[in-house]
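Following: one structure in structure tokens, then a few remarks.
The values are calculated or read from the model by the stated rules, or taken from the named source; none is laboratory data. Values in this document were obtained by computation on a predicted structure and should not be read as measured data. We place every Cβ from the backbone using ideal geometry, glycine too, and count neighbours over all the protein chains shown. SASA here: full protein model, heavy atoms, side chains in, ligands and nucleic acids out. Shrake-Rupley method; radii C 1.70, N 1.55, O 1.52, S 1.80 Å.
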Amino acid sequence: MLLAIVGTYYSVLLYKNLRTDIEELLPTGSRSGKDLAVLTQQLESIDYLAVLVFSKDAAAGKRLVIDLSKRLESIPKDIASSIEYKIDDEMRFFQKRAPLYVELPDLVKLRDYIRDRIKYEKEMYNPLNIFPVGDKVHKPELDLDALRTKYTRTGSYDQFPEGYYSIPDGTKRVILVYMAGKHSNIEKSLDLQKRVKGIVSEIDLKSYAPDMEVKYTGGVENFIEEHEALIADLKLSTFVVIVLVTLAMFLFYRDIAGTASLLMSLFMGTLWTFGVSYFAVGYLNANSAFLGSIVIGNGINFGIIYLARYVEERRRGKDFFDALDIGMRTTATATWVAALAAGLSYGSLMLTRFRGFRQFGTIGFIGMVLCWISAFTLLPAFLTLFQRWFKPSVRPHAKLEGAVSKKIAHLVGLYPKVICGIAAVATVLALAEFPRVSSKIIQTDLSKLRNKASMETGAGFLDRYLVDIFQHYLTETVIMCHSRDEANKVAEALRAAKKADPKSEIASVQVYDDFIPLHQEEKFPYIQEIRKMLTPRIIKGLEAKERGWVHDFLSDEALKVVTEADLPPLIQRKFTEKDGSLGRFVVVEPPLDRKNDIAWDGSRLVGFIHGLRQIVDSVGPGIAVAGQLPISADMVESISYDGPRATLFAFCAVVVLVVFLFRDFKTISRCLFALMLGVIWLFGFILGFDLKINFLNFIALPITFGIGIDYGVNIFQRYRLEGNGKILDVIRHTGGAVLLASLTTIIGYSSLIIAENQAFVSFGTLAVLGELTCITAAVVVLPAYLIVRSQILPSPKKNKKSRSDGIDVPSSASNIAAKPID
């Protein structure tokens with residue numbers, strides 16, 4: 001109990017250090033993790049809180065944005081590094097200097113086009129030409145729209161009305177509040193959110209327009225919503241598990257003292273687990289955060305078996321200490337083996353590079369060991385104390401059969417061949433799905449792993465309005481180079497790759513030097529020549545859109561050299577690092593495709609990031625390719641590599657454990673029979689119903705081996721004790737405890753299915769399926785198979801050796817399962 005108090009303290013510290021950012025799941029040495037650290041270290045801000053303004057009154061929305069932006073500027077710079085809501089100054093700057101940003105060969109083409117077009121128009125409309133000349137004179141062609149798009153410095157920002165961040169009709173506007181530092185710092189994220197929402201709350205929105213609304217999205221808001229939803233899911237999951245497990249224990253044992261003793265020992269073992277885990281892992285991530293429910297659901301199994309045997313012996317008329325002694329000596333070895341099997345299955349995840357797997361495996365392994373220790377130290381101790389303080393509630397000579405296990409035994413006894421036939425058909429159907437195994441089984445649509453409420457009504461849903469406004473993704477990939485010259489070389493290589501591949505996922509490449517025109521003085525003569533040709537009379541005859549373009553060439557600013565000092569502050573700020581370095585990184589964007597977003601398509605995403613890294617590495621080693629997209633790509637790859645390794649190790653560990661315990665081929669094969677049957681059905685479900693494997697639910701596969709083996713071993717070991725022909729007695733007496741152990745595990749997993757986080761739901765669904773298939777194979781199909789087999793083959797002689805306490809034990813191992821009373 002003293003250790004549990006200490007464990008409580010460190011468990012609180014562990015859960016307070018909850019890191020829900022996705023990069024915390026990656027391998028420690030992953031490239032994306034290292035590159036993100038470089039990005040965070042060198043840039044002032046890498047994420048933002050987006051303040052969306054909605055109103056059908058465009059003018060009112062504009063007034064609110066202006067007023068609100070002025071107030072937001074009061075937030076300290078160490079919290080909000082900058083505020084953006086318009087780009088009008090930048091647009092005017094580049095529009096007035098548009099000719100300088102046209103490459104010299106294209107400027108020559110433009111000069112020639114204007115000259116030839118003027119000549120063509122004169123020929124066409126010369127009143128002295130009395131014969132048609134349309135077929136004799138070739139009309140000059142030049143795609144001015146493509147030329148303007150190619151050289152605009154503000155990209156898709158040109159569509160903004162009056163330069164304000166808004167959709168064209170002005171009914172949806174946004175202010176970007178850039179957070180200083182890394183958004184995965186929950187304290188700073190909450191501080192920024194609180195300050196922004198506090199300022200908004202001070203404004204009477206309805207005084208601007210009756211329908212005025214303000215909502216929030218962006219990376220900071222997404223992170224906060226996911227973090228808070230995870231906390232809420234953890235609380236709900238823990239509460240549901242504790243209530244349902246307690247209820248199941250009481251209904252099964254009908255013994256307040258026994259139920260209380262079991263739960264108290266379990267909770268203390270759980271507190272030990274997370275107390276030790278504080279020193280083993282130091283913090284929790286999105287994978288390991290919900291392990292409290294899993295440890296409770298799985299760790300209680302050992303106490304269930306022990307308590308069931310104790311209750312059975314008490315109901316058989318044994319006194320307290322004899323029942324306690326028999327329960328311990330007949331279940332300790334077998335439950336330790338079960339704990340070790342489950343622990344090794346969790347521990348298999350420790351061999352992976354994936355931090356999300358490794359941390360989960362470490363805590364799971366510790367939990368199985370410590371929960372077994374608590375079951376065989378605290379449980380008998382609490383039972384003894386309750387025996388001293390209260391009148392025993394276990395009635396001697398009570399009914400020894402559980403209602404559920406009795407019905408299952410009756411069903412198996414009546415229809416063993418039918419059950420075997422159904423199992424055979426199910427197995428064949430499941431195996432028929434195996435050829436469908438491919439890389440497509442990996443969940444690459446990461447949006448389906450987000451918080452459900454966020455994606456339906458929250459920040460995840462509101463992200464679409466940012467795309468509506470900006471017409472491109474704001475989750476850019478940043479390539480951090482060592483020098484400005486190196487950044488220009490990388491940009492040149494990326495543009496060459498894009499030009500060479502029509503299907504390239506590179507939509508745009510941008511460096512600081514793109515904003516400083518090349519060969520400016522060489523362009524001046526051509527610009528002046530164009531200005532002379534575009535006389536007022538010619539300009540008057542142009543279309544309205546063309547007159548706007550011509551105005552750029554007539555600006556006096558187009559004949560002045562542009563220097564770094566002339567660039568707008570927004571441009572300089574975006575390319576300036578913390579130490580003042582300027583222009584050392586490249587910004588790359590994938591194409592905008594709402595129906596097939598590369599950010600949610602893992603296979604495309606991995607190819608895109610691999611291509612970027614290959615190009616970057618060809619320019620210079622050690623260049624960081626950082627951002628959310630590289631992190632997601634590395635996560636998808638890590639799952640594909642580590643998942644199968646962990647699953648294979650867990651299976652091999654369980655097989656070796658069973659071989660070491662029994663050392664008899666027949667026994668080993670029968671123990672593994674139920675497990676393999678359950679696993680085959682599980683994979684059949686996954687493939688048949690197109691269930692996807694992701695960074696969280698992959699854990700359910702190796703765990704199924706460790707926990708699933710326990711059920712078949714318990715059933716078959718008791719069958720060896722009872723002898724051939726007694727399998728129905730085994731189901732009636734032992735099936736209840738096995739079913740209860742499975743039920744508590746299912747409760748632990750099912751608590752995740754009601755979570756808002758869809759990754760948790762996917763894990764709970766897959767884990768529950770594994771439990772159901774394994775328990776069905778162990779309690780129903782394996783006994784039916786043994787009955788059918790006994791009807792075909794002669795029964796071997798039962799091999800027992802007697803013990804002084806009157807308990808019959810198989811010669812090769814001690815009893816694993818008790819005869820629990822439902």
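Points to keep in mind about this one:
- The set of residues in the range 12-34 being closer than 30 Å to G292 by Cβ, assigned to a helix (DSSP H, G or I) and open to solvent by 10 Å² or more (accessible area, probe 1.4 Å) consists of V12, L13, Y15, K16, I22, E23, E24, G33.
- The helices (runs of 4 or more DSSP H) falling completely within the range 449-504 that include 3 or more residues that are within 28 Å of G33 (Cβ to Cβ) and more than 24 Å from the chain's Cα centre (by Cα) map to 484-500.
- Neighbours by Cβ (under 7 Å, 6+ apart or cross-chain): first from the range 103-115, closer than 18 Å to E521 by Cα; second charged (D, E, K, R) and in a helix (DSSP H, G or I): L104/E522; L104/K523; L107/K523; R111/E529
- Of the residues making up the range 40-72, just one is crowded, with 19+ Cβ neighbours inside 10 Å and aromatic (F, W, Y), namely Y48.
- When A37 is tested against (1) open to solvent by 40 Å² or more (accessible area, probe 1.4 Å); (2) under 27 Å from the mean Cα position of the chain (by Cα); (3) touching a residue at least 60 places away in the same chain (Cβ under 8 Å), only condition (3) is not met.
- Identity of the residue in the range 338-355, hydrophobic (A, V, I, L, M, F, W, C) and open to solvent by 30 Å² or more (accessible area, probe 1.4 Å), that ends up farthest from G303 (Cα to Cα): L351
- Which numbered condition R645 misses (of (1) touching a residue at least 40 places away in the same chain (Cβ under 8 Å); (2) surrounded by fewer than 20 Cβ atoms within 10 Å (Cβ to Cβ); (3) more than 30 Å from F365 (Cα to Cα)): (3)
- Cβ-Cβ distances below 9 Å connect the following pairs, each with a first residue in the range 241-252 that is at negative phi and without any contact (Cβ under 8 Å) to a residue 24 or more places away in the chain, a second residue that is part of a helix (DSSP H, G or I) and open to solvent by 70 Å² or more (accessible area, probe 1.4 Å), and a separation of six or more residues or different chains: F250/I256.
- Selection within the range 618-630: residues that are under 17 Å from G33 (Cβ atoms) and in a helix (DSSP H, G or I). The member of this set that is most open to solvent (accessible area, probe 1.4 Å) is Q628.
- Of all residues in the range 540-570, those satisfying the criterion of being modelled with pLDDT of 80 or more and either among the charged types (D, E, K, R) or assigned to a helix (DSSP H, G or I) (or both) are D556, E557, A558, L559, K560, E564, A565, D566, P569, L570.
Listed here are the residues, each with its yes/no results for (1) open to solvent by 20 Å² or more (accessible area, probe 1.4 Å); (2) in a helix (DSSP H, G or I).
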| site | (1), (2) |
| --- | --- |
| F660 | yes, yes |
| I668 | yes, yes |
| I715 | no, yes |
| R720 | yes, yes |
| G725 | yes, no |
| D729 | yes, yes |
| R732 | yes, yes |
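- Selection from the range 254-273 of residues that are buried (at least 24 other Cβ atoms within 10 Å of the Cβ) and either closer than 21 Å to D21 by Cα or of a type in the set (G, A, S) (or both): G258, S261, S265, G269
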